[in-house]
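One structure is given here, and the rest of the page talks about it.
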Amino acid sequence: MLDRSAICDAYYMFASLYHAGQFSKEYAYFGRLIKLGYKPGLGVQSQDPDRLDESAREVYDRLVANAEGPSRAAREKLANKVARIIRFVEYEVQKTKNWQLRSFVDSLQLHFNGYAEPGYTDPQCGIIATGNWNAITKWEGATHTTLSKTPEIVGRLFDKLGIETEWLDEWCSCSDCGKLVRTSPDSMSWTPSYTLGDGELICCECKEPKDSNDELDDES
Ligand SMILES: [Zn+2]
């Protein structure tokens, strides 16, 4: 059973060992812990994870695993699974000669740089896939028939593997950092977080420093 002090101990230890300066996300944990009225004990102040008690250590290990991302072995295993899924679809394309399925495979993209969209968290495996995940259908006279459910199935398989799936026509990648940016609304309150100029799309993370430079240039 996890008590609150074990969780606080774990976050404090993690923040002390993993923060990257006072503006980092990890450093912000200190502020939140203080707000909770937390005071670190000596074991926690020692910055030695081995001095955490068992339940705090479990939470700490999980935080470290998330921060360090999946291991190389895990990434290779995932890449192999993705390759196998794509080969399966390629085989179906050859067999059926369905051009819509062909265009599904051709337009399927894997992204490895994460999101630069407010409110979105990068998947733990580090991969986001954009595609058209709709089943392929056709009108024949008055009847609507499904030709292939493969895009839907691939989307579900990706979800199961921990790969985040997004719609191809709703996302673009930043010309600077390659992170994904939403380009079409998902709610009434949505506003674009990117800027467009000279045919380039710049995400909110890359545009901040540039904008302030531009303003300075304008005034001079
Ligand atoms: Zn960017």
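The values are calculated or read from the model by the stated rules, or taken from the named source; none is laboratory data. From a predicted model like this one, the values you see are computed outputs, not experimental measurements. Ideal geometry is used to build each Cβ from the backbone, glycine not excepted, and the neighbour counts take in all protein chains shown.
Which condition number does Leu110 fail, the rest of (1) within 16 Å of the ligand (Cβ to nearest atom); (2) assigned to a strand (DSSP E or B); (3) within 30 Å of Glu68 (Cα to Cα) being met?
(1)
Output the number of the condition that Thr183 fails; it satisfies all remaining conditions of (1) of a type in the set (Ser, Thr, Tyr); (2) within 24 Å of Arg87 (Cβ to Cβ); (3) surrounded by fewer than 19 Cβ atoms within 10 Å (Cβ to Cβ).
Here Thr183 clears every test but (2).
Name every residue in region 44-56 that is closer than 18 Å to Asp3 by Cβ and either assigned by TED's automatic domain parsing to the domain that holds Gly114 or surrounded by 16 or more Cβ atoms within 10 Å (Cβ to Cβ) (or both), in order of residue number.
The answer is Val44, Arg51, Leu52, Ser55, Ala56.
Any residue at all in region 164-181 that's of a type in the set (Phe, Trp, Tyr), over 20 Å from Cys125 (Cβ atoms) and more than 13 Å from the ligand (Cβ to nearest atom)?
Taking every residue of region 164-181 in turn, none turns out to be of a type in the set (Phe, Trp, Tyr), over 20 Å from Cys125 (Cβ atoms) and more than 13 Å from the ligand (Cβ to nearest atom).
Step by step: first the residues of region 182-200, then only those that are outside any loop (DSSP other than H, G, I, E, B) and in contact with a strand residue (DSSP E or B) (Cβ under 9 Å, 6 or more places away or on another chain), then the one that is nearest to the ligand (Cβ to nearest atom). Which residue is that?
Thr195
When you scan region 1-66 for helices (runs of 4 or more DSSP H) that lie fully inside it, which ones turn up with 1 or more residues that are in contact with a Phe, Trp or Tyr (Cβ under 8 Å, 6 or more places away or on another chain) and under 24 Å from Gln124 (Cβ atoms)?
Those helices (runs of 4 or more DSSP H) span 4-18, 25-35.
Would you be able to say whether some residue in region 83-105 is closer than 14 Å to Leu17 by Cβ and of a type in the set (Val, Ile, Thr)?
no
Which one of the conditions (1) more than 16 Å from the ligand (Cβ to nearest atom); (2) at pLDDT 95 or above; (3) in a strand (DSSP E or B); (4) hydrophobic (A, V, I, L, M, F, W, C) does Leu147 fail to meet, given that it meets all the rest?
Only one criterion in (1) more than 16 Å from the ligand (Cβ to nearest atom); (2) at pLDDT 95 or above; (3) in a strand (DSSP E or B); (4) hydrophobic (A, V, I, L, M, F, W, C) is unmet by Leu147, namely (2).
Among the residues in region 69-82, are any within 24 Å of the chain's Cα centre (by Cα), assigned to a loop (DSSP other than H, G, I, E, B) and within 30 Å of Glu152 (Cβ to Cβ)?
There is at least one residue in region 69-82 that is within 24 Å of the chain's Cα centre (by Cα), assigned to a loop (DSSP other than H, G, I, E, B) and within 30 Å of Glu152 (Cβ to Cβ).
Filter region 58-85 down to the residues that are in contact (Cβ under 8 Å) with a residue 60 or more places away in the chain and hydrophobic (A, V, I, L, M, F, W, C) and list them by number.
The answer is Leu78, Val82, Ile85.
Restricting attention to region 136-160, which residues are crowded, with 16+ Cβ neighbours inside 10 Å and not hydroxyl-bearing (Ser, Thr, Tyr)?
Passing the criteria: Ile136, Pro151, Val154, Gly155, Leu157, Phe158.
With respect to the numbered conditions (1) aliphatic (A, V, I, L, M); (2) over 22 Å from Tyr12 (Cα atoms); (3) surrounded by 15 or more Cβ atoms within 10 Å (Cβ to Cβ), which one is the sole condition not fulfilled by Val59?
Exception for Val59: condition (2).
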